[in-house]
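Data block below; observations after.
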Amino acid sequence: MDVVFIGPPGAGKGTQAQRLCAKLGVPQIATGDMLRAARKAGTELGRKADEFMKLGALVPDEVVIGLVEERVQEPDAAPGFVLDGFPRTVPQAEILDKILAKLGRAIAHVVLLEVPDALILERITGRRVGETTGRIYHLKYDPPPSPDRGEGGERLLLREDDREDVVRPRLVNYSALTAPLVAWYGNKGLLRRVDGVGAVDDVTQAIFRAIGAR
Ligand code: AP5
């Protein structure tokens, strides 16, 4: 089953994608994580992405699309995948359809996590991410064992783009560039709206119901 998550920054896409992947036994393909890994490795692609990510802007299509095209063809993605952070624009969605069609596959569900802007900043500023596992915590809503250590004692990191001055342009870009995907996937009959407000476990159950995962 090929599933896409869309929703504003901090809506819980990564949190829920990790849970759905564990349930379905398929990989999470998170373009933000892939770009951050490239940036950390100091590759040319990572340096290019950094110019945009630190401003809260979208990385150009030619940087992101190649990453996704390669990743969906890896053997572990053969039974399915959960895309988190891609597509992020209608042109990216059109290209994704073409990539999947060439492979004889198609998206089954697009899960839209709906969270009002008023909650976003608190979610993002309280986020901590496990350095080794990538496990996502929230200091208040999904607390780690201690404020700077996750399960197993791993160090917790703050994302560079989680500062308030970078979150604002990310939200503006979501409304301008990504939100049009709601109508686009709605017209294709693929959109599954899920209320992203409430306990993390309750949201997970709502997603499972929305896509018929048992
Ligand atoms: P990316 O990493 O994809 O960031 P994003 O889309 O802005 O989303 P986030 O990762 O911030 O949030 P999330 O929805 O995953 O929320 P999370 O689960 O962590 O992209 C980063 C950058 O990379 C972009 O700005 C762009 O520059 C570039 N990029 C990436 N993909 C691109 C593309 N396709 N094209 C171009 N550029 C691209 O949850 C947030 C917090 O809330 C956590 O602390 C969590 O514990 C907590 N939380 C989760 N659920 C709940 C709940 N129900 N109640 C309370 N708290 C909750």
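The values are calculated or read from the model by the stated rules, or taken from the named source; none is laboratory data. This is a predicted model, so every value here is computed, not measured. Virtual Cβ from ideal backbone geometry, glycine too; neighbours counted across all protein chains shown.
Name the residues in segment 1-25 that are among the aliphatic types (A, V, I, L, M) and touching a residue at least 60 places away in the same chain (Cβ under 8 Å), would you? I'd like the intermediate steps shown before the answer.
Within segment 1-25, the subset among the aliphatic types (A, V, I, L, M) is 1, 3-4, 6, 11, 17, 20, 22, 24.
Within segment 1-25, 1, 3, 4, 6, 11, 17, 20, 24 qualify.
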Checklist outcome for this item: By residue number, the members of segment 129-143 that are within 8 Å of the ligand (Cβ to nearest atom) and either crowded, with 19+ Cβ neighbours inside 10 Å or within 15 Å of the chain's Cα centre (by Cα) (or both) are 129, 136, 137, 138
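Restrict the check to segment 47-66 and report whether at least one residue is small (Gly, Ala, Ser) and in a loop (DSSP other than H, G, I, E, B). I'd like the intermediate steps shown before the answer.
Within segment 47-66, the subset small (Gly, Ala, Ser) is 49, 56-57, 66.
Now restrict to residues that are in a loop (DSSP other than H, G, I, E, B): 56-57.
Yes: segment 47-66 contains one or more residues that are small (Gly, Ala, Ser) and in a loop (DSSP other than H, G, I, E, B).
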Checklist entry - residue 161: out of contact with any His (no Cβ under 7 Å at 6 or more places or on another chain), part of a helix (DSSP H, G or I) and near the ligand (Cβ under 8 Å from one of its atoms), yes or no? => result yes
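For the condition surrounded by fewer than 19 Cβ atoms within 10 Å (Cβ to Cβ) and either under 25 Å from residue 172 (Cβ atoms) or among the aromatic types (Phe, Trp, Tyr) (or both), what is the one hit in 74, 70, 114?
Working: 74 fails: either under 25 Å from residue 172 (Cβ atoms) or among the aromatic types (Phe, Trp, Tyr) (or both); 70 fails: either under 25 Å from residue 172 (Cβ atoms) or among the aromatic types (Phe, Trp, Tyr) (or both).
Of 74, 70, 114, the one residue that is surrounded by fewer than 19 Cβ atoms within 10 Å (Cβ to Cβ) and either under 25 Å from residue 172 (Cβ atoms) or among the aromatic types (Phe, Trp, Tyr) (or both) is 114.
Among the residues of segment 95-123 satisfying the criterion of being free of Cβ contacts under 8 Å to residues at least 24 places away in the same chain, within 14 Å of residue 69 (Cα to Cα) and in a helix (DSSP H, G or I), which is farthest from the chain's Cα centre (by Cα)? Give the derivation first.
Just the residues of segment 95-123 that are free of Cβ contacts under 8 Å to residues at least 24 places away in the same chain, to begin with: 97-98, 101-102, 104, 118, 122.
Imposing the further condition that a residue be within 14 Å of residue 69 (Cα to Cα) reduces the set to 97-98, 101-102, 104.
Those left that are additionally in a helix (DSSP H, G or I): 97-98, 101-102.
Values: 97: 18, 98: 21, 101: 22, 102: 24 Å.
This residue is 102.
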Item to check | Tally, over segment 26-57, of residues that are free of Cβ contacts under 8 Å to residues at least 60 places away in the same chain, under 17 Å from residue 134 (Cβ atoms) and either out of contact with any strand residue (DSSP E or B) (no Cβ under 8 Å at 6 or more places or on another chain) or among the β-branched types (Val, Ile, Thr) (or both) | outcome: 11
Checklist entry - Quick one: residue 62 ticks every box in (1) loosely packed, with under 12 Cβ neighbours inside 10 Å; (2) modelled with pLDDT of 95 or more bar one, so which box is it? => result (2)
Checklist outcome for this item: For segment 191-205 the number of residues that are within 10 Å of the ligand (Cβ to nearest atom), within 24 Å of residue 93 (Cβ to Cβ) and either touching a Ser or Thr at 6+ places or on another chain (Cβ under 7 Å) or not acidic (Asp, Glu) (or both) is 2
